[in-house]
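Novice: What follows is a structure written as structure tokens; I'll ask about it next.
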Amino acid sequence: MKLAKDQIARQFSRAAKTYDTAAQLQNEMAEILINAIPEHSRGTLVDLGCGTGWPLKQLAKFGKYEMTAIDIAPGMIEMARQKVPQTNFICCDLECTPLPDEFANVIFSNAAIQWCNTAKALTEISRIAKPNAHLLLSTFGSSTFVEIRNAWEAIGDSSDRIHQFENPQIIEHLLEDLKFEEITIKRENRQLIYHSVDDLFQGIRNLGATNASSNRHAGLLGKERYRQFKSVFENRLAQFNQLELTFDCIFVVAKTA
């Protein structure tokens, strides 16, 4: 899948001011990763896809890391800098950073590489990791937004309106090829609950989590098509008195040789 990186940067910069109010799940995922960092770790920590900086603020409390944070969205960097001004921020694509080889003792990446070419992102992580470095990574798997995918299919529309998320087996194989060791991957589905169709769609927009594929439909959706799409959720809301939106959460812990 080819990704429109300029679109990704714009959508997350637009979402920067609303992200924290909508990102409870992402913050919970970050806590899981933070708790998995080995107690003895020290040195240079790189946060790839730092967003608005909520995890950075928690990591700074340990007081044992020199922190560098990277994000493709200038708006996200601006928000993160306000939270953790002592961090070195770089606005760039995490697939290709200006960091030197063997730079980081700890690489932390929460809910970010789903907006990347997975192979390129993991290869860059391998390049900047020191020997015996720790990788703590979370992302979203292929069941994410399954309700939205099913709604498009119910009205006979194509599936490329939905961002294509990665399979965890591919992530594991890529890490093995890059000579990572002690690879542990955990996967769990979590559902966010909404009580109106508009709240569900607004929640997605607040996260900046729209389709980032360069092959996505470029034209206007059309009022009638949108009405049909929305009616699928309205019918489900009437039936169950709530709407669920699935996030297929993937957690990866690994170590370089």
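The values are calculated or read from the model by the stated rules, or taken from the named source; none is laboratory data. Source: prediction; values computed, not measured. FYI the Cβ positions are ideal-geometry reconstructions off the backbone, even for glycines, and counts take in every protein chain you see.
Novice: Can you tell me how many residues within the range 171-200 are free of Cβ contacts under 8 Å to residues at least 60 places away in the same chain and over 25 Å from P131 (Cβ atoms)?
Specialist: The qualifying residues number 9.
Novice: Okay, moving on. So, in the range 113-127, exactly how many residues are under 18 Å from the mean Cα position of the chain (by Cα) and surrounded by fewer than 23 Cβ atoms within 10 Å (Cβ to Cβ)?
Specialist: Counting residues in the range 113-127 that are under 18 Å from the mean Cα position of the chain (by Cα) and surrounded by fewer than 23 Cβ atoms within 10 Å (Cβ to Cβ) gives 7.
Novice: Could I ask something else about it? Go through T52, T87 for me and flag whichever is surrounded by 14 or more Cβ atoms within 10 Å (Cβ to Cβ), touching a Lys or Arg at 6+ places or on another chain (Cβ under 8 Å) and over 17 Å from A111 (Cβ atoms).
Specialist: From the options T52, T87, the qualifying one is T87.
Novice: Could you say whether any residue in the range 178-196 is closer than 18 Å to Q228 by Cα and either in a helix (DSSP H, G or I) or in contact with a Ser or Thr (Cβ under 9 Å, 6 or more places away or on another chain) (or both)?
Specialist: Checked the range 178-196: no residue is closer than 18 Å to Q228 by Cα and either in a helix (DSSP H, G or I) or in contact with a Ser or Thr (Cβ under 9 Å, 6 or more places away or on another chain) (or both).
Novice: Shifting gears a bit: Which of the residues that make up the range 74-98 are in contact with a Ser or Thr (Cβ under 7 Å, 6 or more places away or on another chain) and over 22 Å from K17 (Cβ atoms)?
Specialist: Result: N88, single match.
Novice: Test C96 against the stated conditions and say whether it is in contact with a Lys or Arg (Cβ under 9 Å, 6 or more places away or on another chain) and under 20 Å from A4 (Cα atoms).
Specialist: For C96, the condition - in contact with a Lys or Arg (Cβ under 9 Å, 6 or more places away or on another chain) and under 20 Å from A4 (Cα atoms) - is met.
Novice: Is the range 145-154 home to any residue that is part of a helix (DSSP H, G or I), in contact with a Lys or Arg (Cβ under 9 Å, 6 or more places away or on another chain) and of a type in the set (D, E)?
Specialist: Within the range 145-154, one or more residues are part of a helix (DSSP H, G or I), in contact with a Lys or Arg (Cβ under 9 Å, 6 or more places away or on another chain) and of a type in the set (D, E).
Novice: Identify all residues within the range 226-257 that are in a strand (DSSP E or B) and hydroxyl-bearing (S, T, Y); write none if there are none.
Specialist: Matches in the range 226-257: T246 only.
Novice: For the range 35-88, what are the residues that are at positive phi and without any contact (Cβ under 8 Å) to a residue 24 or more places away in the chain?
Specialist: Selection gives G63 alone.
Novice: Now a separate question. Looking at A133, A119, A73, which is the one that is touching a helix residue (DSSP H, G or I) at 6+ places or on another chain (Cβ under 6 Å), small (G, A, S) and closer than 20 Å to T256 by Cα?
Specialist: A119
Novice: Pick from N35, N27: which is modelled with pLDDT under 95 and not in a loop (DSSP other than H, G, I, E, B)?
Specialist: Criteria check complete, one pass: N27.
Novice: Mind checking whether some residue in the range 190-201 is at pLDDT 95 or above and touching a helix residue (DSSP H, G or I) at 6+ places or on another chain (Cβ under 9 Å)?
Specialist: Looking through the range 190-201, none of the residues is at pLDDT 95 or above and touching a helix residue (DSSP H, G or I) at 6+ places or on another chain (Cβ under 9 Å).
Novice: Turning to a different aspect of this structure: Right, D157: buried (at least 24 other Cβ atoms within 10 Å of the Cβ) and not hydrophobic (A, V, I, L, M, F, W, C) or not?
Specialist: no
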